[in-house]
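The values are calculated or read from the model by the stated rules, or taken from the named source; none is laboratory data. All values derive from a computational prediction rather than experimental measurement. When we count neighbours, we look across all protein chains shown, and the Cβ atoms used for this are built from the backbone with ideal geometry, even at glycine. With ligands, DNA and RNA removed, areas are computed over all heavy atoms of the protein, side chains included. Shrake-Rupley method; radii C 1.70, N 1.55, O 1.52, S 1.80 Å.
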Amino acid sequence: MPGFEIFGDEERREVLDVLDTGVLMRYGFDQARNGHWKAKTFEEELARKLGANHCHLCSSGTAALSIALAACNIGAGDEVIVPPFTFVATIEAVLAAGAIPIFADIDETLCLDPEAVAAAVTPRTRAVVPVHMCGSMARIDQIEKLCRERELVLVEDACQAVGGSFQGKYLGTFGKAGCFSFDPVKTITCGEGGAVITDDKAVYLAADAFADHGHDHIGHDRGLEGHALVGMNFRISELNAAVGVAQLRKLDFILAKQRAAKDRICAMLADCPEVTLREIPDPEGDTATFLSFLMPTEDRARQTAQDLAAAGVDGCFYWYDNNWHYIRQWPHIRQLKSAARLPIHLLDTVPDYETLDLSQSDAIMGRTISMQIKLSWSEADLAARIEKMANVLKG
Ligand SMILES: *Cc1c(COP(=O)(O)O)cnc(C)c1O
């Protein structure tokens, strides 16, 4: 999965370009930077690759979500429909915006169930944030249609799915904005970084300003730039962007390698009677960073995860018990524990997150195991892994 597995001279060269100039900031210093604009270069190349009109590179995927929500005019008191299976950052960004996360169930895509989204819409709903979890896509066509019909803003959290697509169209390009993460363990990495893409120029300008204290970035004197709006500092440094430039150019290689490895493992799993693969609406667009499968029962899944670990098949996750990605293990979210009072604490239409009925999601997550697909596996590693998995799953 992670791009850090294949760091090489390419990343080193890009970083040295920046160090040689001493200009670590993405804006200004036009003379001193000697023609190196790493963040800008990344933005142009990602936008071109994904077929989006605009891209803003920022400090993290979490920042990208905050920027996208702000730029799409989602704020205090707005209801935003989110899945309970995601990285907690999706929820944090909604809370930071002053908005109310409304959890809707996932289906066997492990992403938002369009019917559950439809059922969760209220007169206060402003946006839907589907998360393309573990490298594969939601039923994004259906979710997009629903958002269009109900006049809801669609913001895709594609932080785990850069380069993934649905019927030939890249994930992140279906809604008003798409968000990506380039943190240290993502498919490609900047060390820390994130991006917002959009086709909407007004959304882009708001994002670009919001991420840098509201600066409009017009002209060549930072001190004379206008302030379009109240913003924040979500800037990425040129050092991080430089790593990303090299990594982005490896994306196609990474995806091809992952897909080939995943295909080999899936071929073996086809002979395992208890295993059902996660539903992938368009298998061709899968980024194959993870292989996720469902066992017949929760008990079998928990036992199988233990058996795989005992057999030396590393990198398998039973999310239902793991603290990372599922609401069941997020007491701080369910209790809205915070360092200081949040906007949501002042609102009176907030669901009781302790008593949510997410039984459909529980039933799916309780049966699900995900396995990381790694770039560093040799042919022998992969063959050995398949054999060990077969022993556990066919035995
Ligand atoms: C990683 C991730 C984020 C946040 O990205 P960071 O760069 O770590 O802040 C948001 N959503 C999902 C689904 C993620 O996997």
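Of everything in the range 12-35, what is out of contact with any Phe, Trp or Tyr (no Cβ under 9 Å at 6 or more places or on another chain) and not in a loop (DSSP other than H, G, I, E, B)? Give them in sequence order. Walk me through how you get there before you give the answer.
Taking the range 12-35 as the starting set, the residues that turn out to be out of contact with any Phe, Trp or Tyr (no Cβ under 9 Å at 6 or more places or on another chain) are 12-20, 24-25, 27-35.
Within the range 12-35, ARG12, ARG13, GLU14, VAL15, LEU16, ASP17, VAL18, LEU19, ASP20 meet the criteria.
Can you find a residue that is under 24 Å from ASN322 (Cα atoms), in a loop (DSSP other than H, G, I, E, B) and touching a Leu at 6+ places or on another chain (Cβ under 9 Å) anywhere in the range 379-392?
Within the range 379-392 (the criterion being under 24 Å from ASN322 (Cα atoms), in a loop (DSSP other than H, G, I, E, B) and touching a Leu at 6+ places or on another chain (Cβ under 9 Å)), the answer is no, since none of the residues qualifies.
Take VAL88 and decide whether it is more than 12 Å from the ligand (Cβ to nearest atom), of a type in the set (A, V, I, L, M) and over 19 Å from ALA209 (Cβ atoms).
Values: more than 12 Å from the ligand (Cβ to nearest atom): no; of a type in the set (A, V, I, L, M): yes; over 19 Å from ALA209 (Cβ atoms): yes.
Against the criterion (more than 12 Å from the ligand (Cβ to nearest atom), of a type in the set (A, V, I, L, M) and over 19 Å from ALA209 (Cβ atoms)), VAL88 does not qualify.
Can you name the number of the only condition in (1) under 30 Å from ARG13 (Cα atoms); (2) open to solvent by less than 40 Å² (accessible area, probe 1.4 Å) that THR62 fails?
THR62 satisfies all of (1) under 30 Å from ARG13 (Cα atoms); (2) open to solvent by less than 40 Å² (accessible area, probe 1.4 Å) except (2).
Does CYS55 satisfy the condition of being crowded, with 24+ Cβ neighbours inside 10 Å, within 13 Å of the ligand (Cβ to nearest atom) and in contact (Cβ under 8 Å) with a residue 24 or more places away in the chain?
Numbers: crowded, with 24+ Cβ neighbours inside 10 Å: yes; within 13 Å of the ligand (Cβ to nearest atom): no; in contact (Cβ under 8 Å) with a residue 24 or more places away in the chain: yes.
It is false that CYS55 is crowded, with 24+ Cβ neighbours inside 10 Å, within 13 Å of the ligand (Cβ to nearest atom) and in contact (Cβ under 8 Å) with a residue 24 or more places away in the chain.
Can you tell me which residue in the range 165-174 is farthest from the chain's Cα centre (by Cα), limited to those that are over 22 Å from SER59 (Cα atoms) and open to solvent by less than 30 Å² (accessible area, probe 1.4 Å)?
PHE166
List the number of the failed condition for ILE254; all other conditions in (1) without any contact (Cβ under 8 Å) to a residue 40 or more places away in the chain; (2) within 30 Å of ASP9 (Cα to Cα) hold.
Against the list (1) without any contact (Cβ under 8 Å) to a residue 40 or more places away in the chain; (2) within 30 Å of ASP9 (Cα to Cα), ILE254 comes up short only on (1).
When the residues of the range 181-201 are narrowed to those that are among the hydroxyl-bearing types (Ser, Thr, Tyr) and surrounded by 24 or more Cβ atoms within 10 Å (Cβ to Cβ), which ends up farthest from the ligand (Cβ to nearest atom)? Even if it seems obvious, please write down each step before you answer.
Restricting attention to the range 181-201, the residues satisfying the condition of being among the hydroxyl-bearing types (Ser, Thr, Tyr) are 181, 187, 189, 198.
After this cut, where a residue has to be surrounded by 24 or more Cβ atoms within 10 Å (Cβ to Cβ) as well, the list is 181, 187, 198.
Numbers: SER181: 3, THR187: 10, THR198: 17 Å.
Filtering the range 181-201 for residues that are among the hydroxyl-bearing types (Ser, Thr, Tyr) and surrounded by 24 or more Cβ atoms within 10 Å (Cβ to Cβ), the one farthest from the ligand (Cβ to nearest atom) comes out as THR198.
Tally up the residues in the range 131-146 that are more than 13 Å from the ligand (Cβ to nearest atom) and crowded, with 24+ Cβ neighbours inside 10 Å, please.
The first filter runs over the range 131-146 and keeps only residues more than 13 Å from the ligand (Cβ to nearest atom), leaving 139-146.
Narrowing the set further to residues that are crowded, with 24+ Cβ neighbours inside 10 Å leaves 140, 143.
Final tally of qualifying residues: 2.
Could you tell me which residue of the range 257-286 is most open to solvent (accessible area, probe 1.4 Å), considering only residues that are touching a helix residue (DSSP H, G or I) at 6+ places or on another chain (Cβ under 7 Å) and among the β-branched types (Val, Ile, Thr)?
It comes out as VAL275.
Taking ARG264 as the residue in question, decide whether it is part of a helix (DSSP H, G or I), more than 25 Å from SER181 (Cβ to Cβ) and out of contact with any Asp or Glu (no Cβ under 6 Å at 6 or more places or on another chain). I'd like the intermediate steps shown before the answer.
Values: part of a helix (DSSP H, G or I): yes; more than 25 Å from SER181 (Cβ to Cβ): yes; out of contact with any Asp or Glu (no Cβ under 6 Å at 6 or more places or on another chain): yes.
So ARG264 passes the test.
Name the single residue that is surrounded by the fewest Cβ atoms within 10 Å (Cβ to Cβ) among those in the range 338-372 being closer than 26 Å to LEU291 by Cβ and aliphatic (A, V, I, L, M).
If we take residues in the range 338-372 being closer than 26 Å to LEU291 by Cβ and aliphatic (A, V, I, L, M), then ALA363 is surrounded by the fewest Cβ atoms within 10 Å (Cβ to Cβ).
Being of a type in the set (Val, Ile, Thr), in contact with a strand residue (DSSP E or B) (Cβ under 9 Å, 6 or more places away or on another chain) and within 12 Å of the ligand (Cβ to nearest atom) is true for just one of VAL128, VAL155, VAL121, VAL117. Which residue is that? Working first, answer last.
Working: VAL128 fails: within 12 Å of the ligand (Cβ to nearest atom); VAL121 fails: within 12 Å of the ligand (Cβ to nearest atom); VAL117 fails: within 12 Å of the ligand (Cβ to nearest atom).
Only one candidate passes the filter, namely VAL155.
For the range 297-337, what are the residues that are in a loop (DSSP other than H, G, I, E, B), farther than 12 Å from MET365 by Cβ and open to solvent by less than 50 Å² (accessible area, probe 1.4 Å)?
Result: ALA311, GLY312, VAL313, GLY315, TRP330, LEU336.
Check ALA70, ALA93 and return the single one that is out of contact with any strand residue (DSSP E or B) (no Cβ under 6 Å at 6 or more places or on another chain), open to solvent by 20 Å² or more (accessible area, probe 1.4 Å) and either within 16 Å of the ligand (Cβ to nearest atom) or among the charged types (D, E, K, R) (or both).
Details: ALA93 fails: open to solvent by 20 Å² or more (accessible area, probe 1.4 Å).
Just one listed residue meets the conditions, ALA70.
Consider the range 321-332. How many of its residues are within 18 Å of ILE102 (Cβ to Cβ) and under 19 Å from the mean Cα position of the chain (by Cα)?
Of the residues in the range 321-332, 3 are within 18 Å of ILE102 (Cβ to Cβ) and under 19 Å from the mean Cα position of the chain (by Cα).
Starting from residues that are open to solvent by less than 20 Å² (accessible area, probe 1.4 Å) and more than 15 Å from the ligand (Cβ to nearest atom), keep the ones in the range 96-112 and report whichever is farthest from LYS176 (Cα to Cα).
Of everything passing the filter in the range 96-112, ASP107 is farthest from LYS176 (Cα to Cα).
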